[in-house]
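Visitor: Here's a structure for you.
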Amino acid sequence: MRIEIDLLTCQDFGECVLSAPELFQLDETGKQFLRRQTSETKFEFDVAIEYETGAEEAAIVCPMQALTILH
Amino acid sequence: MSTEFDLDTALNVYAKGELFNPYPLYETLRARKEPFWSENLGMWLVHGFTDVEEGLSDPRLQNDRILGYERSLTPENRIKFKALNEHLSHWLGFEDPPVHTHSRGYLKEYISGKLAIRMKPVIQKQIQEILAKAGSHSEIDLITDFAYPLPLKIICDLLGIESGREEEFKELADAIGVYPGNVGPILNDVAPAAALALVKMEAFFDEMVVKRLADPKDDLITRLAQLSVEGLLSHQEMVSLLTFVFLAGFGTTLNLIANGMMLLFTHPEEKEKLIAHPEMIGSAVEEFLRYESPIQIVARLVREDFEWHGKQLGAGDYVGLIAGAANRDEDIFPDPERFDIGREPNRHIAFGRAAHFCLGAPLARVEAQIAVNEFFKKFPKAEMVTPVPDWLPIISFRHLGTLKVKLNNEN
Ligand code: HEM
């Protein structure tokens, strides 16, 4: 599974961190950690099979719907 | 100028709830970039996206609006209906921190993303039953035969209302809901029926709680009943929260599904796009939420006098944060009047923001996504029969009365 985060839409609520702490973190300023990984507005990465359920949950709970499962 | 005259007329019609296309009014008021005092409604109206967003996070605007209700009751009624105001004061949507933080935490344990995922197969099963029943008719009303039964069943399931008692529970909750749904002196007239329903609701839950404590189930009644045994919630708080969750989650989801279906029928190109690309359902539902937001107005009460965007707000004033107007703000959404099921990004504010952000958003999204896609999978040739959208005269909700469709079912 691959997941895409739209960093323009993401408002750093942090709900994804509760659902999938292995995949998402907020940095010390409360911002989505993945912002540091790229200057692009979108970022995508592979999800290991054991974290797929967490990723699916994160995509559903994201208040801004900034996460997309790409399969 | 004639626009001023038109504005007054529009505002009068609006206050009666009869402005069925409120968007030109919203646009006119949004252009002023300041809160607008409506004498008719006795409320400040806020229309711009950033202002509404700001308002939802400003602690000077509180959710506790009990004062507004008490103030409208006669002194005798204030005493007579004390229990009703007390009941309302424990609704999550009427609480502020620190109490709100605790109550929200209790609900959040249960109404979570996990719940939405767990409910998916239940939603699928329900929708197949609903569609099978619809399929035996050539014409149906999408409100009563489609958008109504799904969220009713799902929310009752989540709460733990026994099968067969959903309508009884809904009648009671609706009767209570009439009271907070009104403002002004009319509250004196609607309070007696609401108070009576509350007494019956207490009895309804007394019975359920005894059953669930003896035989626990995986539902919200069991969870809250256990918290109340542990002394973390009073019995009244529990009854309030259960009633509130129903009222927060039923009509809103019904309207999301119904409004989405209406939008697709009135935008046939977008409908065909979705039928050809059902994977677009995620962004399509977000666009339903933006374009015809089920909750148009999110209410707050001014906690203390302060100046906001050039206007002096007084302690105790009502403020209406108009999500429906914010969601058409041209500064945020390019071409806001265009209904675009692929719109991206879509930062709409239909579920609110910040501390009171809708707890049921994941569930509502999943319900609407499954319902709409399954409908068009089964009835791709369905046509709308109702000639123009039949909006009900309610200012704070976008709620259709009927939505007749011919199914054109070939099998
Ligand atoms: C399309 C459907 C829905 C819409 C448009 C909607 C909208 C909203 C909005 C705008 C708020 C914020 C109110 C405020 O800031 O004062 C809210 C709060 C809330 N909603 Fe929803 N809602 C929907 C469905 C649901 C469902 C299905 C549930 C329950 C399963 C639910 C439960 C809640 C709760 C408990 C709150 C209160 C949160 C708090 O005050 O902390 N909602 N909703």
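The values are calculated or read from the model by the stated rules, or taken from the named source; none is laboratory data. Everything numeric here is computed off the predicted structure, so don't read it as measured data. Heads up, the Cβs are rebuilt from the backbone with ideal geometry, glycines too, and the neighbour counts pull from every protein chain shown.
Visitor: Of everything in the range B:328-374 that's crowded, with 22+ Cβ neighbours inside 10 Å and away from every other protein chain (no Cβ under 14 Å), which residue is farthest from residue B:110 (Cα to Cα)?
Guide: Only one residue fits best here, namely B:328.
Visitor: Would a scan of the range B:366-379 turn up a residue that is closer than 24 Å to residue B:266 by Cβ, within 11 Å of the ligand (Cβ to nearest atom) and under 23 Å from the mean Cα position of the chain (by Cα)?
Guide: yes
Visitor: Looking at (1) within 11 Å of the ligand (Cβ to nearest atom); (2) in contact with a His (Cβ under 8 Å, 6 or more places away or on another chain), can you tell me which one residue B:260 breaks?
Guide: Answer for residue B:260: the failing condition is (2).
Matching residues to (1) modelled with pLDDT of 95 or more; (2) buried (at least 19 other Cβ atoms within 10 Å of the Cβ); (3) within 11 Å of chain B (Cβ to nearest Cβ); (4) more than 11 Å from the chain's Cα centre (by Cα):
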residue: A:10; (1), (2), (3), (4): no, yes, yes, no
residue: A:15; (1), (2), (3), (4): no, yes, yes, no
residue: A:28; (1), (2), (3), (4): no, no, no, yes
residue: A:37; (1), (2), (3), (4): no, no, no, yes
residue: A:42; (1), (2), (3), (4): no, no, yes, no
residue: A:50; (1), (2), (3), (4): yes, no, no, yes
residue: A:66; (1), (2), (3), (4): no, yes, yes, no
residue: A:69; (1), (2), (3), (4): no, no, yes, no
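Visitor: Let me ask you something else. What's the number of the only condition in (1) of a type in the set (Val, Ile, Thr); (2) surrounded by fewer than 22 Cβ atoms within 10 Å (Cβ to Cβ); (3) not in a loop (DSSP other than H, G, I, E, B) that residue B:155 fails to meet?
Guide: Here residue B:155 clears every test but (2).
Visitor: Quick check, is residue B:263 surrounded by 14 or more Cβ atoms within 10 Å (Cβ to Cβ), closer than 28 Å to residue A:60 by Cα, in contact (Cβ under 8 Å) with a residue 60 or more places away in the chain and more than 14 Å from chain A (Cβ to nearest Cβ)?
Guide: It is true that residue B:263 is surrounded by 14 or more Cβ atoms within 10 Å (Cβ to Cβ), closer than 28 Å to residue A:60 by Cα, in contact (Cβ under 8 Å) with a residue 60 or more places away in the chain and more than 14 Å from chain A (Cβ to nearest Cβ).
Visitor: If we keep just the residues of the range B:103-117 that are touching a residue at least 60 places away in the same chain (Cβ under 8 Å) and either surrounded by fewer than 17 Cβ atoms within 10 Å (Cβ to Cβ) or on the phi > 0 side of the Ramachandran plot (or both), which is farthest from the ligand (Cβ to nearest atom)?
Guide: Per the stated criteria, the residue is B:109.
Visitor: Related question: Counting only residues that are of a type in the set (A, V, I, L, M), more than 13 Å from the ligand (Cβ to nearest atom) and within 24 Å of residue B:373 (Cβ to Cβ), how many does the range B:283-306 have?
Guide: Count: 1.
Visitor: Shifting gears a bit: Going through B:356, B:309 one at a time, which residue ends up being touching a residue at least 12 places away in the same chain (Cβ under 8 Å) and away from the ligand (no atom under 16 Å from the Cβ)?
Guide: Only one candidate passes the filter, namely B:309.
Visitor: OK, next. Can you pull out the helices (runs of 4 or more DSSP H) entirely within the range B:61-100 that have at least 2 residues that are more than 14 Å from every other protein chain (Cβ to nearest Cβ) and within 16 Å of the ligand (Cβ to nearest atom)?
Guide: Answer list for the range B:61-100: B:66-72, B:82-89.
Visitor: Hey, another quick one. Restricting attention to the range B:246-255, report how many residues are out of contact with any strand residue (DSSP E or B) (no Cβ under 9 Å at 6 or more places or on another chain) and under 13 Å from residue B:152 (Cβ atoms).
Guide: Qualifying residue count for the region: 6.
Visitor: To continue, here is another question. Got a number for residues in the range B:330-353 being within 16 Å of the ligand (Cβ to nearest atom) and acidic (Asp, Glu)?
Guide: Residues that pass the stated criteria total 0.
Visitor: Filter the range B:265-282 for residues that are of a type in the set (A, V, I, L, M) and within 16 Å of the ligand (Cβ to nearest atom) and give the result.
Guide: Selection gives B:281 alone.
Visitor: Moving to a separate point now. Consider the range B:252-271. How many of its residues are farther than 22 Å from residue A:65 by Cβ, touching a helix residue (DSSP H, G or I) at 6+ places or on another chain (Cβ under 9 Å) and not hydrophobic (A, V, I, L, M, F, W, C)?
Guide: Looking only at that region, the number is 0.
Visitor: Could you please give the count of residues in the range B:169-184 that are in contact with a Ser or Thr (Cβ under 6 Å, 6 or more places away or on another chain) and in a loop (DSSP other than H, G, I, E, B)?
Guide: Selection size over the range B:169-184: 1.
Visitor: Same structure, new question: Here are some residues: B:240, B:234. Which one is crowded, with 21+ Cβ neighbours inside 10 Å and more than 17 Å from residue B:109 (Cβ to Cβ)?
Guide: Answer to the check: B:240.
Visitor: Only residues that are aromatic (Phe, Trp, Tyr) and assigned to a helix (DSSP H, G or I): list them for the range B:286-326, please.
Guide: B:288, B:291
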